[in-house]
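Working notes, structure below.
The values are calculated or read from the model by the stated rules, or taken from the named source; none is laboratory data. Just so it is clear, the model here is predicted, and its values are computed rather than measured. Reconstructed Cβ throughout: ideal geometry from the backbone, glycine too, with neighbour counts over all protein chains shown. Surface accessibility is based on the protein's heavy atoms, side chains included, excluding ligands, DNA and RNA. Shrake-Rupley method; radii C 1.70, N 1.55, O 1.52, S 1.80 Å.
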Amino acid sequence: TIDSLLVEAQSEWRELLNRVEVVDAGDMNEDVTRHLTVFYTSLWRALTFPRRIDEVDASGKLVHFSPYGGGVRAGPCVTDNGFWDTFRTVYPLLGLIYPDKLGDIIQGWLNAFKAGGWLPGWASPGYRESMVGTYGDVVVSDAIVKKIPGFEVSTAWEAIHKDSFNDEPGGHMGVGK
């Protein structure tokens, strides 16, 4: 029912937002309440993007339709991120507080790499020629060093190595070196 879905969603968000507890915010007044509202709203926002566009199939396996290579493929698919500033703000935060979520996100990018040959530079979904550099490599490298769980480390090494040393055959901006 709709009511049971609402309860499930509230429980999930409560668990996620309660991973951070603000200790001794001061006497509860209008200013402190405003700051806490901004903080927890920002934390919620950090968890809403990038979006996952995958689902569980009839056999209980996580699958997605790949905008990178076509067809239904196993595992998560992640979209709606351009890395501009998020590589140095959102993803370090996720690594500290939500490493399980970050591992899933990175596996989604690695699934894009396996399907299309490159890590996404701007997943929207699919490749977009709108981002200079390969800031996803920064996030993936940081996750490897920090031993974030939930993604294929050998595939991650392969992807960041390719991004570092190979130009995309068509010379497109946003993928490759």
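Could you look through the range 91-110, keep only residues that are within 20 Å of G133 (Cβ to Cβ) and of a type in the set (V, I, T), and pick out the one that is surrounded by the most Cβ atoms within 10 Å (Cβ to Cβ)?
I106
Tell me, please, whether a residue that is aromatic (F, W, Y) and on the phi > 0 side of the Ramachandran plot can be found in the range 71-86.
Yes, the conditions are met somewhere in the range 71-86.
Enumerate the pairs (first residue in the range 43-64 and under 29 Å from T89 (Cβ atoms); second residue anywhere and among the acidic types (D, E) and part of a loop (DSSP other than H, G, I, E, B)) with beta-carbon separation below 9 Å, excluding pairs fewer than 6 apart on the same chain, so at least 6 apart or on different chains.
Close Cβ pairs satisfying both conditions: F49/D80; P50/D80; R51/D80; I53/D80; L62/D54; H64/D54.
For the range 13-32, how many residues are under 23 Å from the mean Cα position of the chain (by Cα) and either open to solvent by less than 70 Å² (accessible area, probe 1.4 Å) or more than 15 Å from Y98 (Cβ to Cβ) (or both)? Let's see the steps before the verdict.
Quick first cut of the range 13-32, residues under 23 Å from the mean Cα position of the chain (by Cα) only: 13-21.
Right, trim to either open to solvent by less than 70 Å² (accessible area, probe 1.4 Å) or more than 15 Å from Y98 (Cβ to Cβ) (or both) and you get 16-17, 20.
Qualifying residue count for the region: 3.
May I ask you to say which residue of A58, A46 is exposed (fewer than 10 other Cβ atoms within 10 Å of the Cβ) and either at pLDDT 95 or above or closer than 23 Å to L110 by Cβ (or both)?
Values: A46 fails: exposed (fewer than 10 other Cβ atoms within 10 Å of the Cβ).
From the options A58, A46, the qualifying one is A58.
Hey, among F83, F87, F113, which residue is among the aromatic types (F, W, Y), over 19 Å from D54 (Cβ atoms) and open to solvent by 10 Å² or more (accessible area, probe 1.4 Å)?
Details: F83 fails: open to solvent by 10 Å² or more (accessible area, probe 1.4 Å); F113 fails: over 19 Å from D54 (Cβ atoms).
Checking each option against the conditions leaves just F87.
Among the residues of the range 133-172, write down those that are under 19 Å from Y91 (Cα atoms) and part of a loop (DSSP other than H, G, I, E, B).
Those that are under 19 Å from Y91 (Cα atoms) and part of a loop (DSSP other than H, G, I, E, B): G133, T134, K146, K147, I148, P149, G150, F151, E152.
Check I105 against each of (1) over 20 Å from L43 (Cα atoms); (2) assigned to a helix (DSSP H, G or I); (3) in contact with a strand residue (DSSP E or B) (Cβ under 7 Å, 6 or more places away or on another chain) and name the one condition it does not meet.
Looking at each condition in turn, I105 falls short on (1).
Answer yes or no: is there a residue in the range 117-140 that is under 24 Å from S42 (Cα atoms), of a type in the set (F, W, Y) and open to solvent by less than 20 Å² (accessible area, probe 1.4 Å).
Looking for residues that are under 24 Å from S42 (Cα atoms), of a type in the set (F, W, Y) and open to solvent by less than 20 Å² (accessible area, probe 1.4 Å), one finds none in the range 117-140, hence no.
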